[in-house]
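Chemist: The structure's right below; bear with me while I get my questions together.
The values are calculated or read from the model by the stated rules, or taken from the named source; none is laboratory data. Remember, it's a predicted structure, so these values are computed and weren't measured experimentally. As a convention, Cβ positions derive from the backbone with ideal geometry for all residues, glycine included, and neighbour counts pool all protein chains shown.
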Ligand SMILES: [Zn+2]
């Protein structure tokens, strides 16, 4: 008996795998290990003998090549088990709305949580299909347990249909993507694939191979603190300098609130304030890495302008690299994206290609030597109580995975 991606998904979402950015352990929370262990057992049950979890919690496994296909390129599929720290992820109660009829869905545990077709064109396009929501108090966890379930269902399909020709297929389930550490301990050499696909995207057909390039800049103002009662002519308040600096940042452009598509931004997102010393952290985002340098230069200029009339203050700017646009790597491996397009078309879908205004584990993995674009998994309204997924998108994702395995199998060097 085959287990559908949806059946698997309904089980995986009951595991509390919320990650925690403040944790000092890896993975950041023990609940992730519970699911990762369960997945290892399920892979064994499918006959995937080498499935194992490493010391950091990463699960890797191999679907062996079919007869005569071991010369084909090794490819991989990756999904993350953790859910966003921004929303409760314990006691998730998934609800299957069979053949969804297009009505507003009032989630039972909180009547203010309502999915409305009028607000969500993607939902409107799934009328008539089975969809799954949470119950109103938690996220659903389709990001990225939909991806996990799809890879597991595809693995079962490939293990039970050995007549489908394919090369060696590697699988990885990873922790801590949502807190930006999913690639930290990913052993690219041990994974041993020429490329991989994360299943962590939206509606059926979506294919993502461009992400932001990202840095963060910390701007630290130093002032001078003294007793405020006797501060006349002496005190230099770093909080006021920082507030002045933030007010100088562009608003109508170069801001997350006022940009979309291919436009980058500067985004002040954290401040540590005292009279003596105040730091402002600013995210820098651009699809071109050169654009990051321009944005950093603008921030530095505004920071220095802020203290131009206050010789007693100083300011320091420090840039930290976050990740780079995966397209730089993927452009050198055009097959990786081209075969994904073909696999999507063979599933009867038109590829929907758009830039990711963020990063994925693939952004970092690509620069670690594993070119990794992102495929749709059916996630919608992720990181929210209104998160939902449809059976249709999940089944299509399984089909695309199987198609990719076949297509890469056809790339095996012919003997002679
Ligand atoms: Zn995700």
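Chemist: What number of residues in the stretch 194-208 are more than 16 Å from the ligand (Cβ to nearest atom) and either within 20 Å of the chain's Cα centre (by Cα) or at pLDDT below 95 (or both)?
Modeler: Qualifying residue count for the region: 3.
Chemist: Here is a list: 183, 196, 153. Which entry is in contact (Cβ under 8 Å) with a residue 12 or more places away in the chain, outside any loop (DSSP other than H, G, I, E, B) and touching a strand residue (DSSP E or B) at 6+ places or on another chain (Cβ under 9 Å)?
Modeler: None of the others qualify; the one that does is 196.
Chemist: Answer yes or no: is there a residue in the stretch 395-411 that is more than 16 Å from the ligand (Cβ to nearest atom) and either part of a loop (DSSP other than H, G, I, E, B) or within 30 Å of residue 225 (Cα to Cα) (or both). Lay out the reasoning, then the answer.
Modeler: Filtering the stretch 395-411 for residues more than 16 Å from the ligand (Cβ to nearest atom) gives 395-396, 398-411.
Next, from what is left, pick out any that are either part of a loop (DSSP other than H, G, I, E, B) or within 30 Å of residue 225 (Cα to Cα) (or both): 410-411.
Scanning the stretch 395-411 turns up at least one residue that is more than 16 Å from the ligand (Cβ to nearest atom) and either part of a loop (DSSP other than H, G, I, E, B) or within 30 Å of residue 225 (Cα to Cα) (or both).
Chemist: Further question: Right, residue 363: surrounded by fewer than 22 Cβ atoms within 10 Å (Cβ to Cβ), within 16 Å of the ligand (Cβ to nearest atom) and modelled with pLDDT under 95 or not?
Modeler: On the way: surrounded by fewer than 22 Cβ atoms within 10 Å (Cβ to Cβ): no; within 16 Å of the ligand (Cβ to nearest atom): yes; modelled with pLDDT under 95: yes.
No.
Chemist: Continuing with this model, one more query. Would a scan of the stretch 56-67 turn up a residue that is surrounded by fewer than 17 Cβ atoms within 10 Å (Cβ to Cβ), without any contact (Cβ under 8 Å) to a residue 60 or more places away in the chain and more than 16 Å from the ligand (Cβ to nearest atom)?
Modeler: No: the stretch 56-67 contains no residue that is surrounded by fewer than 17 Cβ atoms within 10 Å (Cβ to Cβ), without any contact (Cβ under 8 Å) to a residue 60 or more places away in the chain and more than 16 Å from the ligand (Cβ to nearest atom).
Chemist: Right, another one. May I ask you to list the residues in the stretch 36-54 that are without any contact (Cβ under 8 Å) to a residue 60 or more places away in the chain and out of contact with any strand residue (DSSP E or B) (no Cβ under 7 Å at 6 or more places or on another chain)?
Modeler: Correct list: 38, 41, 44, 45, 49.
Chemist: Take residue 48 and decide whether it is under 30 Å from residue 340 (Cα atoms) and over 24 Å from the mean Cα position of the chain (by Cα).
Modeler: So residue 48 passes the test.
Chemist: Something else now. Across the stretch 374-394, what is the number of residues that are away from the ligand (no atom under 16 Å from the Cβ) and either surrounded by 24 or more Cβ atoms within 10 Å (Cβ to Cβ) or within 16 Å of the chain's Cα centre (by Cα) (or both)?
Modeler: Qualifying residue count for the region: 1.
Chemist: May I pose another question? Of 11, 37, 18, which residue is modelled with pLDDT of 95 or more and over 24 Å from residue 86 (Cβ atoms)?
Modeler: The unique qualifying residue is 37.
Chemist: While we're on this one: Can you tell me which residue in the stretch 8-25 is farthest from residue 141 (Cα to Cα), limited to those that are out of contact with any helix residue (DSSP H, G or I) (no Cβ under 6 Å at 6 or more places or on another chain) and surrounded by 14 or more Cβ atoms within 10 Å (Cβ to Cβ)?
Modeler: 23
Chemist: Oh, and also: Being within 16 Å of the ligand (Cβ to nearest atom), out of contact with any helix residue (DSSP H, G or I) (no Cβ under 6 Å at 6 or more places or on another chain) and part of a helix (DSSP H, G or I), is that true of even one residue in the stretch 122-133?
Modeler: no
Chemist: Right, another one. Counting just the residues of the stretch 350-367 that are over 14 Å from the mean Cα position of the chain (by Cα) and in a loop (DSSP other than H, G, I, E, B), which one comes out farthest from residue 256 (Cα to Cα)?
Modeler: 350
Chemist: For a quick check of your reading: which helices (runs of 4 or more DSSP H) sit entirely within the stretch 287-349 and have at least 3 residues that are closer than 24 Å to residue 271 by Cβ?
Modeler: Answer list for the stretch 287-349: 289-306.
Chemist: Just to be sure I understand, how many residues within the stretch 78-105 are exposed (fewer than 13 other Cβ atoms within 10 Å of the Cβ), free of Cβ contacts under 8 Å to residues at least 60 places away in the same chain and either over 30 Å from residue 155 (Cβ atoms) or within 16 Å of the ligand (Cβ to nearest atom) (or both)?
Modeler: Total satisfying the criteria: 4.
Chemist: While we're on this one: Would you check which residues across the stretch 222-245 are in contact with a strand residue (DSSP E or B) (Cβ under 8 Å, 6 or more places away or on another chain), within 13 Å of residue 315 (Cα to Cα) and not in a strand (DSSP E or B) and list them?
Modeler: Hits for the stretch 222-245 are 223, 238, 239, 241, 242, 245.
Chemist: Scanning the stretch 253-264 for residues that are in a helix (DSSP H, G or I) and within 22 Å of the chain's Cα centre (by Cα), which turns out nearest to residue 357 (Cα to Cα)?
Modeler: Of everything passing the filter in the stretch 253-264, 256 is nearest to residue 357 (Cα to Cα).
Chemist: Residue 250 fails exactly one of the following numbered conditions: (1) farther than 22 Å from residue 359 by Cβ; (2) touching a strand residue (DSSP E or B) at 6+ places or on another chain (Cβ under 8 Å); (3) in a helix (DSSP H, G or I). What is the number of that condition?
Modeler: Result: residue 250 passes all but (3).
Chemist: Test residue 134 against the stated conditions and say whether it is over 26 Å from the mean Cα position of the chain (by Cα), crowded, with 18+ Cβ neighbours inside 10 Å and touching a residue at least 40 places away in the same chain (Cβ under 8 Å).
Modeler: No; evaluated as a whole, the condition is false for this residue.
Chemist: Can you tell me which of 119, 143, 109 is surrounded by 14 or more Cβ atoms within 10 Å (Cβ to Cβ) and either under 26 Å from residue 400 (Cβ atoms) or modelled with pLDDT under 95 (or both)?
Modeler: 143
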